[in-house]
Amino acid sequence: MIEFLAEISLCEKNIKFCDHIGTTLSKSCPDNNISAFNDDAINISFVGSERNFCKKIVGSKTYYCLANLTLEDETTVKAKIKNTDQGNIPTSELMLAYFLEFGSEGFSKLKNDFCFFLFDNDKKKISIYRDHVGFQNYYLLKEKGHIFLSSSFKNISSLPLKNFSLNHKKIRDFLNLEDFSKTNTFFNEVFKVASGTEFHLEKESEESKEYSKLILTDLCENKLIKKNLEVEFQKTVMTKQNKALDKVGFLFSGGLDSSSVLSMFDRHRASNQKLYAFSATFSNIDKSIRHLIDETEYQKEVLNGKNIENKSFSAERLTTLSDLDYYLKILGQPFFFPNLYIPAKAFKEAKNNNINTVLNGNDGDSVLSHGYEYFVELFLSFRWLRLYKNIKETATKRKKSKIFIFKRAVIDQLIFNGVFFSSARKRHEEVLLTSLHSNAIEIQSRIASFLGVKEHYPFYGKRFIEFCVSMPAKLKNKKGYSRYIFREAMKGILPEKLVLRGTKSNLGHALCLNYRDIDKDLIDTHLNNPHEELKNIVDIGQLRVYWRELLSNPRKFSTRSNIPSKLFAFVVMNRWLQLID
């Protein structure tokens, strides 16, 4: 991800550019070196080297390009473009040449995160390509013949002398936990380019269309799938950039996903690489509940006998709401991430240990899939004997009733985003297309970037996603195990205790206890002082009733309740509105 802020003229005649581009960006990236360029067409500041930006005359046309990509994709690009005299060509010039030769089709071949925006000065046309998941963000503000473009909502919204109006629908959706828009923001005047799309803007027209689609195949040989899954996972963990690092940090909960990332890297690490595992512990919480939250037992199992430095930290007295102003200062907009305090603390610890890259095993659940969409497929295709067998095996493994599993895995999963999916593969693919993934990445990566740390998400490599979605649905949940085939692939790499583990921690318990023990006064204050904008959107009285119930019985709301989430969303929104007044 490249942090940047630019002002681009779409006018034929010169305009006076904003004087605050560089200073606005430097406030968002205080510990980073800022590069800058400006002429009559563009005024841009960015965090990166001169290799990331170029002004290039090709024939009689003048182009401005900001770009970045992984070493794997750089190899792909260099192999495809005709000009073999590439030498030490800057990334921006390489990507410009690639775009001019292959256009949208070329970008569909890229398998990892990248940054690319182009300004054609002759056509007065901006072209943006956002990667398949949305690692790089693009926010736009149109204003009288020129465009403000940035990687951050905060950079745009912090520009002086700008008038913004609240997007009330967005606010309502956010508070109702239904904010699934890929392009709208909390200000009507600012919009966002959706992931996997190309966006073209001229003075009188604009166009947005999807260019990046998953390339799926039919995989059928179980043993081959297991072996290839291990190989693909190794590739997405052991990238060229990661192999070159001296010190590597890991967000390490002790769950299947983060443990697999750490264990795979440890297996293939170079002898000189030092690995650091950052984990939160909850030893302060009562033993009757602690086992539902704390994963120290599994963390020790993974680290046992390995040359990995354990950098665990106590989560006692840490909450997201208690540092809400800090997060809002960095993000500049409302966010939904109740457990943000955990990765934020890990990033701070990484920086204190001079670790600049941290691997994040987030959302392997979605990419690998728990496999319950297969249960729905069996149900809708009347293959009820097979469904009964799967439900029985799952109920036995999880020590739940068959009725409980049927309700959770079938009835509750019948509709996704208002649509029935009779195909397990199509449902799996659709889950990965939601904005939830890019939103979570944006929040964490922006906090990491502010602290001078770069994140890498192995599970979100496009090639790995395509392989996982292509796998037969029946292998994703089998013998009572979710992510069955991945567990099989990780045998011999992960400790057996992790491979056979059938439970997950539930941080909802910690969230509700923290509300009661740490955040109570803050939540009370906001519920008693709602912003005028929220009085007609939120039923404050009902929310207060739920709040009193949660205080009297936190455990009741720790599982399968959206009340803790709604309280979090309300406090975050209320505070943001106070700050922008």
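Which is the longest stretch in the chain that no exposed loop site breaks, taking sites as chymotrypsin sites (Phe, Trp or Tyr not before Pro) with a DSSP loop state and at most 12 other Cβ atoms within 10 Å?
Details: sites that count: Phe180, Phe382.
The longest uninterrupted stretch comes out as 181-381.
For the pair Gln234 and Leu161, how long in nm is the line joining their label points, each one 7 Å along Cα→Cβ?
Output for this residue pair reads 6.0 nm.
So, R0 is 22 Å and r is the distance between the beta-carbons of Asp39 and Arg463; what FRET efficiency does that work out to, to 0.05?
The computed FRET efficiency comes out at 0.05.
Hey, which lysines would be in cross-link range of Lys78, C-alpha to C-alpha under 18 Å, not counting anything within fewer than 8 residues on its own chain?
Within the straight-line cut-off, Lys78 pairs with Lys109, Lys111, Lys240.
Ratio to report: Rg/Rh of the chain, with Cα atoms as the point set and Rh obtained by the Kirkwood method; give two decimals.
My calculation of the ratio gives 0.96.
Determine how many Å³ per residue the convex hull of the Cα atoms of the stretch 4-210 encloses.
Per-residue hull volume (Cα only) is 134 Å³.
Once you place label points 7 Å from the Cα toward the Cβ at Lys300 and Lys144, how far apart are they in nm?
Output for this residue pair reads 6.7 nm.
For Lys479, list the aspartates and glutamates whose Cα falls under 19 Å from its own Cα; do not include residues on the same chain fewer than 8 positions away.
Glu221, Asp365, Glu373, Glu377, Glu393, Glu488, Glu496
With a/c under 1.5 counting as rounded, go ahead and sort the stretch 231-302 into rounded, prolate or oblate using the C-alpha gyration tensor (a ≥ b ≥ c being the square roots of the eigenvalues; past the cut-off, prolate if a/b is larger than b/c, else oblate).
Since a/c reaches 1.5 and a/b is larger than b/c, the shape of the stretch 231-302 is classed as prolate.
Using a Debye calculation, one point per C-alpha and no hydration shell, please list log10 I(q)/I(0) for the stretch 47-108 at q = 0.15, 0.16, 0.20, 0.23 Å⁻¹ in order.
-0.42, -0.48, -0.77, -1.03
Using 1/(1 + (r/R0)^6) with R0 = 60 angstrom and r between the beta carbons of Asp122 and Ser561, what's the FRET efficiency to the nearest 0.05?
Efficiency, from the Cβ-Cβ distance: 0.55.
I'd like to verify something in the chain: which complete DSSP H helices, judged by Cα projection on the helix axis, reach 24 Å or more and average at least -0.5 on the Kyte-Doolittle scale?
Those that clear 24 Å and a mean of -0.5 are 563-580.
Once R0 is set to 51 Å, what does the formula 1/(1 + (r/R0)^6) return for the Cβ-Cβ distance between Lys82 and Lys397, expressed as a FRET efficiency to the nearest 0.05?
0.35
Quote to one decimal, in nm, the extra length available between Arg516 and Glu206 on full extension: 0.36 nm per residue of separation minus the C-alpha distance between them.
Taking 0.36 nm per residue and subtracting the Cα distance, the gain is 106.7 nm.
Would you give the gap between the C-alpha center of the stretch 162-240 and the C-alpha center of the stretch 25-46, rounded to a whole Å?
When both Cα centres are located, 26 Å separates them.
Output the antiparallel fraction of DSSP beta bridges having both residues in the chain, as a percent to the nearest 5.
75 percent
For the stretch 420-466 and the stretch 268-324, compute the distance between their C-alpha centroids and round to whole Å.
After rounding, the separation between the Cα centres reads 23 Å.
Taking a virtual spin label 7 Å from the Cα of Glu309 along the C-beta vector, which residues in the stretch 244-271 bring their backbone nitrogen under 17 Å of it?
245-252, 266, 270-271
What GluC sites (Glu not before Pro) in the stretch 126-198 are in a loop by DSSP, with at most 14 other Cβ atoms within 10 Å of the Cβ?
Glu178
List Asp131, Asp40, Asp218 from most exposed to least, where exposure is judged by having the fewest other Cβ atoms within 10 Å. Present the calculation step by step, with values, prior to reporting the outcome.
On the way: Asp131 24, Asp40 12, Asp218 8.
Fewest-to-most Cβ neighbours within 10 Å comes out as Asp218, Asp40, Asp131.
Any read-out appearing in this document is the output of simple, stated calculations on the displayed coordinates, not a laboratory observation. Quantities reported herein were computed from a predicted structural model and do not represent experimental measurements. With ideal geometry, Cβ positions are generated from the backbone for all residues, glycine too; neighbour counts draw on all protein chains shown.
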